[in-house]
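Peer 1: One structure is given below, represented as structure tokens, and several questions about it will come after.
FYI, it's all coordinate maths here, none of it is from the lab. Treat the numbers as computed from the prediction; the structure is a model and nothing was measured. Here the Cβ is made from the backbone with ideal geometry for all residues, glycine too, and neighbour counts use every protein chain on show.
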Amino acid sequence: MAASRRIALGVGLLAALVYPLLIQATGYTYFQTVGFLVFIYAMLGVGWNFIGGWAGQFDFGPCIFLATGAYTAALASVHWGWSPWLGMVAAIVVSMAICAVITFPVTRLRGHYFAIATVAMWMIAQPIGATWELINGSRGLFIPLTPAKSSLEAIWTLGWGGRSKALAYYYVALLLFVLTMYLAHRVDRSKLGYYFRAIRDDQEGAEAIGIDSRVYKTAARCLTAAVFAAGGVLYGFWALAVFPDQVLEMNWSVLPMISTVLGGIGRLWGPLLGAVILIPISQVMSATLGAGPLAGRGLDVIVYGIIIMAVAAFRPSGLLSLPWARWFRRG
Amino acid sequence: MTELAQAVVNGLQMGLLYALVAVGLAIIWGLMEMVNFAHGEFMMLGMFGAWWLSSTLGWDPLVAMLPVALAIYGLGVLTYSQLMRRVQRGDAFAQIFATVGLLLFLQNGVVALFTSDYRFVSDTVLSRLSGVQLSILGIKLGVPLLMAGLLALALFVALYLLVDRTEFGLALQATSEDRDAAMLVGIRPQKMFAVAWGLGAALVGIAGVILANFFSVYPQVGLSFTVLAYAIVALGGFGSILGTLCAALLVGVVQSVTVVYLPPAFKDAFVFGSYLLIGLFRPQGLFGRF
Amino acid sequence: MASPLLRVDRCTKQFGGLTANHDVSLEIASDEIVGLIGPNGAGKTTLFNCISGHYHPDEGRIVFDGHDVSRARPDRICHRGVARTWQIVRAFGRMTVLDNVICGALTRTNRLARAEAKALAMLEFTGLRGKEGEMAAALTLADKKRLEITRALATEPRLLLLDEAMSGLTPAETSAAVELVRRVHAAMHLAICVVEHVMEVVMPLSHRVVVLDHGEKIADGAPEVIVRDPQVIAAYLGEHHGQRP
């Protein structure tokens, strides 16, 4: 990696680490939460990039795996007292397994048929989530978290309370984001990454050189599922409760997708760039419209819709494909 | 047994309405090979148009059909000329997220204007007939739904004739098959596509107006109808009008029968499960060529 | 005689009312170059598709290296040792030339470093070294076809199917392509089946020629014999071919 890129990465990481500390001094934890959201959505965007950007299959269903991840960790905590980190491992395993089982059969569908199938899966998941007794159905699953007595314990149980919660969760989100980026980087330069892109470019041609598209499409989606499961665990413990209509919400699939498309689909840094632009837009709009008549009216999503249409019409490859962004791209 | 038969008959009637929802997707977008994830949103706009005209001007949905259809036709043309035209030649991918953006814009635009509250169109001509029932062989046919179904069928047939028998329809088919050849005989593809989008949108918008007589009106109703339309079209095969009608009737019956045996929450789940099964075993649908 | 590498056994393939292949049988030995010719619509590409697994024959069998692959998926068949190129050239347009070939090399190894080394060696062999960093979509047609062949070779095939690899090329590009095929055969000792329209290319290159017409095989033998076969001449070559020096 070129020296300039190393420096840029280092500076970026340093800024990300220092940012919330500066905020902490002012006492406005709200901005830390914004950072938390940016990194969650960026992380999920990188996750979406596996199936959407690299394998090239538009997927609306990752929110299903966010839900399975959140519920697995929550159940483990409720019934066995597991730490969320252990729960995250379980969540990832369970979600990948479910993903493999439900995805492999539909890999024969192409393009928008596959995309619709992922929406159909989500629509089937909704009544299941609302009525399944194991997860308490629509009544929701509450995570019994007592505030930790020491910092070390808090790191283990994610049990921060009060003023340090926003700060701590920011760092956890940042950590997960960094880990996800590392995963993406490794996959990018691996057989998986090559095969994903081959399938995206020309599925039939890929099969002719020995690539089983069913296996690799499923693998891509399972990687997406793993990332979303981890994100689900983080969200669940932050919210201290898991409700089906909150975790199975389509926004969890769509917003990371939008971030990635805006930033540059299939590019490593696309999701972060997109999230950094879009999340603050949403927060600014909430802040300025506040409690007025237009509050909660989805105005930010209207803006997102316009942005996405503009990207599709004028720059489908996203911001990172613009000429001036060359410095930020990998080769 | 009669409960089952009743469910089947109800399902057939709903199926006629679903056919109207799906046919825009099957013919227009099937012919142009373009994706439209905002299909259900045009329907939702039709529903809202009916509701708004009813609540502010007191117009009955039957009357509202024409102005709403015209307005949504215009929206369809606008969508093509400003947005879809630019993504048509590129990746199918770009078409997907272009229409996803449109979905977000339309759905949340309506939320901004009207909130997410559920609304109802009340005291319509059709609903005034709701006391009236035909009874055939012990099976009750509610007149409102029957009338709506027949209306949908009439529009469906009209569309079929338009596409299959008129010069315009032939020009549209020609353009979809070979754009350059069509240009050589004087057809302007851009204009064709714009009109086709307008028609497709208007049709599903009219379906929305009709459905507003029976269903609650809220901004998020679109997506499940988009999936429903895709499921129907996938079952019936893209481009096959007859297939769409049969598939829609089938879907209506499946949905209706499901409710007899399963909790109502699973009504749609069963239909979507069928879509997945079809994708597994017969991707070209029951009638179509993939 | 050793059993053939590929045996097509009465392959029949229909599409609706159209019979693309009817009762076609042929064999290819492991070191042969076989030319597959016939007028447009004779069913050559359909036959290729049946061999490579993109179609499955309605009747008959495809046996490769002793294994019945009639119902196998294309990726399985590639692993067994069949590689192909396409009539309309397909490369992974959004990847570099090198990445394209690496995808082929990954069929035989999981390690990226090894695949990359293999890919570079292949590119050297086929003469595309120096262009490995270019986007595949930006290549000339001749180079794209060469890339397709390189990528196919990276999968270490025992049988290479070339579907009109010379079509659309200038005479100079065509002889370069022919020379490449010869070099490939000499260096790698694989079986090659070439679908071609350009007679001057196929005849000197092939050990044996198979002729299809309207989905049926009408001739199978040495090139010198084929050009004199009256059925072949009638179907395809035209009356004047045999008269050229």
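Peer 1: So for chain B, Kirkwood radius off the Cα pairs, Stokes-Einstein at 20 °C and 1.002 mPa s: how many µm² s⁻¹?
Peer 2: The Stokes-Einstein estimate is 111 µm²/s.
Peer 1: Give me the angle, in degrees from 0 to 90, between the Cα long axis of helix C:141-153 and the longest principal axis of the Cα atoms of chain C, rounded to the nearest 10.
Peer 2: 80 degrees
Peer 1: Give me the three principal axis extents of region B:89-186 from the C-alpha atoms, as integers in angstrom, largest value leading.
Peer 2: Answer, in whole Å and largest first: 57, 41, 22 Å.
Peer 1: Please list, in order along region B:146-155, the HN-Hα scalar couplings obtained from phi with the Karplus expression 6.51 cos²θ - 1.76 cosθ + 1.60 (θ = phi - 60°), rounded to whole Hz, x for Gly and Pro.
Peer 2: Running phi through 6.51 cos²θ - 1.76 cosθ + 1.60 with θ = phi - 60° gives 5, 4, 4, x, 5, 4, 4, 4, 4, 5 Hz.
Peer 1: For a quick check: with amide H placed at 1.01 Å from N, whose amide H comes under 5 Å from residue C:213's, ignoring anything fewer than 5 positions away on the same chain?
Peer 2: Sorted by chain and number, the residues that satisfy this are C:218.
Peer 1: Taking only the C-alpha atoms, wrap a convex hull around region B:1-113 and report its volume per residue in Å³ as a whole number.
Peer 2: Given the Cα convex hull of region B:1-113, per-residue volume reads 142 Å³.
Peer 1: Going highest first, how would you order C:201-213, A:76-88, A:92-104 by mean Cβ packing within 10 Å?
Peer 2: Ranking, from highest mean packing down: C:201-213, A:92-104, A:76-88.
Peer 1: Working only with C-alpha atoms, what are the Rg and Dmax values of region A:48-204, expressed in angstrom?
Peer 2: Rg then Dmax for region A:48-204, in Å: 18.3, 58.
Peer 1: Can you give the Rg to Rh ratio of region C:83-134, both from alpha-carbon atoms, with Rh computed by the Kirkwood formula?
Peer 2: A ratio of 0.96.
Peer 1: Across region A:18-26, in residue order, what do the Karplus-derived ³J(HN,Hα) couplings come to in whole Hz, using 6.51 cos²θ - 1.76 cosθ + 1.60 with θ = phi - 60° and x for Gly and Pro?
Peer 2: 7, 2, x, 5, 4, 5, 4, 5, 7
Peer 1: Moving on. In sequence order, what are the phi-derived ³J(HN,Hα) couplings for region C:113-121 according to the Karplus relation 6.51 cos²θ - 1.76 cosθ + 1.60 with θ = phi - 60°, rounded to whole Hz, with x for glycine and proline?
Peer 2: Karplus values, whole Hz, x for Gly and Pro: 4, 5, 4, 5, 4, 4, 4, 5, 5.
Peer 1: Continuing with this model, one more query. Take the Cα radius of gyration of region A:1-104 and divide it by 2.2 N^0.38 Å, with N its residue count; two decimals is plenty.
Peer 2: That works out to 1.39 for region A:1-104.
Peer 1: What is the log10 of I(q)/I(0) for region C:103-245, computed with the Debye formula using one identical point scatterer on each Cα and no solvent, at q = 0.13 Å⁻¹?
Peer 2: -0.66
Peer 1: Of all beta bridges DSSP finds with both residues in the protein assembly as shown, what is the antiparallel percent, to the nearest 5?
Peer 2: 65 percent
Peer 1: Could you give the length gained on full extension between residue A:163 and residue A:133, defined as 0.36 nm per residue of separation minus the Cα-Cα distance, in nm?
Peer 2: Contour length minus the Cα-Cα distance gives 7.3 nm.
Peer 1: Calculate, axis by axis, the spread of Cα positions in region B:151-219 along the three principal axes, and write the results as whole Å, longest axis first.
Peer 2: 48, 26, 14
Peer 1: I would also like to ask the following. How far apart, in nanometres, would the label points at residue A:146 and residue C:73 be if each is projected 7 angstrom from Cα along the Cα-to-Cβ direction?
Peer 2: So the two model labels end up 5.2 nm from each other.
Peer 1: While we're here: First measure r as the distance between the Cβ atoms of residue B:66 and residue A:186, then evaluate 1/(1 + (r/R0)^6) with R0 = 51 Å and state the FRET efficiency to the nearest 0.05.
Peer 2: 0.30
Peer 1: List the residues whose amide H sits under 5 Å from the amide H of residue C:59, counting only those 5 or more places along or on another chain, with H placed 1.01 Å from N in the peptide plane.
Peer 2: So residue C:59 has HN proximity to C:12.
Peer 1: Show log10 I(q)/I(0) for chain C at q = 0.09 Å⁻¹, two decimals, from a solvent-free Debye sum over equal Cα scatterers.
Peer 2: Calculated log10 I(q)/I(0) at the listed q: -0.38.
Peer 1: Given a Förster distance of 45 angstrom, what is the FRET efficiency for residue B:113 paired with residue B:134, based on the Cβ-Cβ distance and rounded to 0.05?
Peer 2: Once rounded, the FRET efficiency stands at 0.70.
Peer 1: If you don't mind, there's one more thing I want to ask. Measure out, as a whole number of angstrom, how far apart the alpha-carbon centroids of region B:258-278 and region A:1-20 sit.
Peer 2: After rounding, the separation between the Cα centres reads 51 Å.
Peer 1: Can you tell me the order of A:231-238, B:150-157, A:209-216 when each peptide is scored by its average per-residue count of other Cβ atoms within 10 angstrom, highest first?
Peer 2: Highest mean packing first, the order is A:231-238, A:209-216, B:150-157.
Peer 1: Taking every DSSP beta bridge with both residues inside chain C, roughly what % is antiparallel (nearest 5)?
Peer 2: If I count the DSSP bridges inside chain C, around 55 percent turn out antiparallel.
Peer 1: Please list log₁₀ I(q)/I(0) at q = 0.24, 0.36 Å⁻¹ for region C:58-97, using the Debye equation with identical point scatterers on the alpha-carbon positions.
Peer 2: Debye curve over Cα of region C:58-97, log10 I(q)/I(0) at q = 0.24, 0.36 Å⁻¹: -0.88, -1.17.
Peer 1: Quick one: which residues, 5+ away or cross-chain, put their amide H under 5 Å from the amide H of residue A:241? H built at 1.01 Å from N.
Peer 2: For residue A:241, whose amide H was placed from the backbone, the distant partners under 5 Å are A:143.
Peer 1: Rule-of-thumb check for chain A: C-alpha Rg over 2.2 N^0.38 Å?
Peer 2: So chain A has a normalised radius of gyration of 0.98.
Peer 1: How do A:132-140, B:58-66 rank on mean C-beta neighbours within 10 Å, highest first?
Peer 2: Those peptides, ordered most packed to least, come out B:58-66, A:132-140.
Peer 1: Another question, if that's okay. Across peptide A:209-217, how many C-beta atoms of other chains are within 10 Å of each residue C-beta, on average?
Peer 2: So the per-residue partner count for this stretch is 6.
Peer 1: By how many nm would the segment from residue C:14 to residue C:172 lengthen if fully extended, with 0.36 nm per residue of separation less the alpha-carbon distance?
Peer 2: Length gained, residue C:14 through residue C:172: 53.1 nm.
Peer 1: Hey, how much of the P(r) for region A:188-243 falls beyond 18 Å, as a percent of Cα pairs?
Peer 2: Counting pairs separated by more than 18 Å, the tail of P(r) holds 46 percent.
Peer 1: Two decimals is fine: what's Rg over Rh for region C:97-170, C-alpha atoms, Kirkwood radius as Rh?
Peer 2: Rg/Rh for region C:97-170 comes to 0.96.
Peer 1: Order these by the 10 Å Cβ neighbour count, fewest first: A:224, B:115.
Peer 2: Ranking A:224, B:115 by Cβ neighbours within 10 Å, fewest first, gives B:115, A:224.
Peer 1: How large is the Kirkwood hydrodynamic radius of the protein assembly as shown, in angstrom, based on all distinct alpha carbon pairs?
Peer 2: For the protein assembly as shown, inverting the mean 1/r across all distinct Cα pairs yields 30.0 Å.
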